[in-house]
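Read-outs throughout are calculated quantities, based only on the coordinates presented, and are distinct from any laboratory measurement. Computed from a predicted structure; not experimentally measured. Please note: Cβ atoms are built from the backbone with ideal geometry, for glycine as well, and neighbour counts cover all protein chains shown.
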Amino acid sequence: MIDVQNLTKRYGQRTVVEDLTFTVRSGAVTGFLGPNGAGKSTTMRMMFGLTRPDTGSVRIGGHAYPELRYPARHVGAVLETSAPHRGLTAAAHLRWLAQSNRIARQRVGEVLETVGLTGAAHRRIGTFSLGMAQRLGLAAALLGDPPVLVLDEPVNGLDTEGIRWLRELLRHMAAEGRTVLVSSHLMTEMSMVADDLVIINRGRLLAQTGMADFLQRHGRTYVRVRTPEPLRLNTELEREGATLRRARDGSVEVEGLSAAEISRLAAASGLSLDELSTHTGSLEDTFLELIGDAGGTTHV
């Protein structure tokens, strides 16, 4: 488990993280979301002792990260600020990490194969593409077979195949009972992989909840209706107090009435329906609406 308690960080008069408290459970993928400038990267840096908090603490498996004698065996991390020496080969970089953390040398070859870099093991890191560098970072995070993974924007530079591979890897790690915390601005991808969400804005916690609960509680639910007589149907729906929004495809999105109520209304009015379906807003739509209600920027 990752336990963040009352974390605060200020730079002069600017408060970047303010009294932030949340937990990340094991056996799940937790999405760490917030707009640009929300304090996500600063929070992650404080988890690893790279930035000192003004107040509060972070415990990973009951320990502060600087207290861990062999940290790679306890927690694997991919941070945007991580940058291995460009003159080293991929294998040499991982061998150094393995030696410094008392990890068996054979793990180097295993993780290179896992991330698809076996053929590039002896290439210098400075020649790597962004996607290859990202895979190398993931190899380093997996090197100690840790029970905890913390990944900041891990899909940066990955192609479609790489993103799918990473998604499957994270789901597999969570299924094994590990703790997985992922920060990403790709909402569609996050909706496909995350079980839980921690959402912050302006350094403060907005929500900590399960994905399904978040969408149900904060998401926009509407009924999509398509009919050969839209004007007549719209008149009937508005008479019942429904809110209507015309979609680009010609259908109408109805809020305030259920699909069953619309069906009965149409039948009583002698209207035929070509489509009647219930929808819940996407993670991206729901997230942006929540941030907007909180008075934050909508750039993620």
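Determine which member of the set GLY131, GLY157 is in a loop (DSSP other than H, G, I, E, B) and under 20 Å from the mean Cα position of the chain (by Cα).
Of GLY131, GLY157, the one residue that is in a loop (DSSP other than H, G, I, E, B) and under 20 Å from the mean Cα position of the chain (by Cα) is GLY157.
Out of segment 69-121, which residues are within 18 Å of LEU50 (Cα to Cα), small (Gly, Ala, Ser), assigned to a loop (DSSP other than H, G, I, E, B) and in contact with a Leu (Cβ under 6 Å, 6 or more places away or on another chain)?
Of everything in segment 69-121, nothing turns out to be within 18 Å of LEU50 (Cα to Cα), small (Gly, Ala, Ser), assigned to a loop (DSSP other than H, G, I, E, B) and in contact with a Leu (Cβ under 6 Å, 6 or more places away or on another chain).
Considering only segment 239-265, state which residues are in a strand (DSSP E or B) and either loosely packed, with under 14 Cβ neighbours inside 10 Å or within 29 Å of the chain's Cα centre (by Cα) (or both).
THR243, ARG245, ARG246, GLU253, GLU255
Read through the list (1) out of contact with any His (no Cβ under 7 Å at 6 or more places or on another chain); (2) at negative phi, then give the number of the only condition that ARG102 fails.
That leaves (2) as the condition not met.
In segment 173-212, what count of residues is obtained for those that are part of a helix (DSSP H, G or I) and of a type in the set (Asp, Glu)?
1
If you scan segment 266-286, which residues turn out to be assigned to a helix (DSSP H, G or I) and touching a helix residue (DSSP H, G or I) at 6+ places or on another chain (Cβ under 6 Å)?
Of everything in segment 266-286, those that are assigned to a helix (DSSP H, G or I) and touching a helix residue (DSSP H, G or I) at 6+ places or on another chain (Cβ under 6 Å) turn out to be SER269, LEU283, GLU284, THR286.
Kindly indicate which of LEU149, LEU170 is in a helix (DSSP H, G or I), more than 30 Å from ALA259 (Cα to Cα) and touching a residue at least 60 places away in the same chain (Cβ under 8 Å).
None of the others qualify; the one that does is LEU170.
So which residues in segment 185-229 are surrounded by fewer than 17 Cβ atoms within 10 Å (Cβ to Cβ), touching a Gly at 6+ places or on another chain (Cβ under 9 Å) and more than 18 Å from GLY292 (Cα to Cα)?
ASP195, ARG226, listed by residue number.
Checking ARG69 against (1) without any contact (Cβ under 8 Å) to a residue 40 or more places away in the chain; (2) in contact with a Pro (Cβ under 8 Å, 6 or more places away or on another chain), which test does it fail?
(2)
In segment 51-86, which residues are hydrophobic (A, V, I, L, M, F, W, C) and surrounded by 21 or more Cβ atoms within 10 Å (Cβ to Cβ)?
Those that are hydrophobic (A, V, I, L, M, F, W, C) and surrounded by 21 or more Cβ atoms within 10 Å (Cβ to Cβ): ILE60, ALA72, VAL75, ALA77, VAL78.
Looking only at residues that are hydroxyl-bearing (Ser, Thr, Tyr) and assigned to a strand (DSSP E or B) in segment 2-57, which one is nearest to LEU283 (Cα to Cα)?
If we take residues in segment 2-57 being hydroxyl-bearing (Ser, Thr, Tyr) and assigned to a strand (DSSP E or B), then THR30 is nearest to LEU283 (Cα to Cα).
Given the criterion more than 18 Å from LEU142 (Cβ to Cβ), among the hydrophobic types (A, V, I, L, M, F, W, C) and surrounded by 15 or more Cβ atoms within 10 Å (Cβ to Cβ), identify the matching residue among PHE32, PHE48.
Exactly one residue qualifies, and that residue is PHE32.
List pairs: first residue in segment 117-143 and within 16 Å of ARG95 (Cα to Cα), second residue of a type in the set (Lys, Arg) and surrounded by 16 or more Cβ atoms within 10 Å (Cβ to Cβ) anywhere in the structure, Cβ distance under 8 angstrom, at least six positions apart or on different chains.
LEU117/ARG135; LEU143/ARG107
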